Amino acid sequence: MTAAHINAAAFSGIQSELTSLTLSTLNDFVPTKCFYGSYSLRKVSLSGPNLTAVGDHAFADCYNLTSVSYSDSSKIHYINSYAFANCYQLTSFSFSSGLTAIDGHAYDGCSKLQSIVFSNPSGLSRIGEKAFDNCSLLTSVTFNGMVDPSISSNNIGWTNVI
């Protein structure tokens, strides 16, 4: 059986042995609260060529999530509010080259997040208010080829990051 679409909150709170997830052919976005509170989830691959956005709270409260990766064909343009909030085990995050916006509080509470990399982010135009709030270990933010996004200390939620 092949599913054509995943609905909002479809796997919210799932407490099974689901530890790894690859989204490659379904949807053009990860729906709101789709995997919210899925504590066993550890690895996510967002590799679909049609995948353009990660919805509000899509992976929020996935406390054991350690890895989020993108394929070269990934076209993620938008990360919505609280998409990865409270993913306590994330230590680093590299954003796809097509990223244009990160909403406020997208990574709020990722308390072990130490570094983020924007690789070739020439299209990045906005990082929302407090997008990285409560990321107390965040010490490295790298912008490779950055043009001029609207970034301030309020966007990060931490005055000494940028």
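Computed from the coordinates by the stated procedures, all read-outs in this text should not be read as laboratory data. A quick note: this is a predicted structure, and the numbers were derived from the prediction, not measured. Reconstructed Cβ throughout: ideal geometry from the backbone, glycine too, with neighbour counts over all protein chains shown.
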At 0.36 nm per residue, and after removing the present C-alpha to C-alpha distance, how many nm does the segment from Ile6 to Val117 gain when stretched out fully?
37.0 nm
With a point put 7 Å past each Cα toward its Cβ, work out how far Thr139 is from Tyr63 in nm, to one decimal.
2.6
List the lysines whose alpha-carbon lies under 23 Å from that of Lys130, not counting same-chain residues fewer than 8 positions away?
Lys33, Lys112
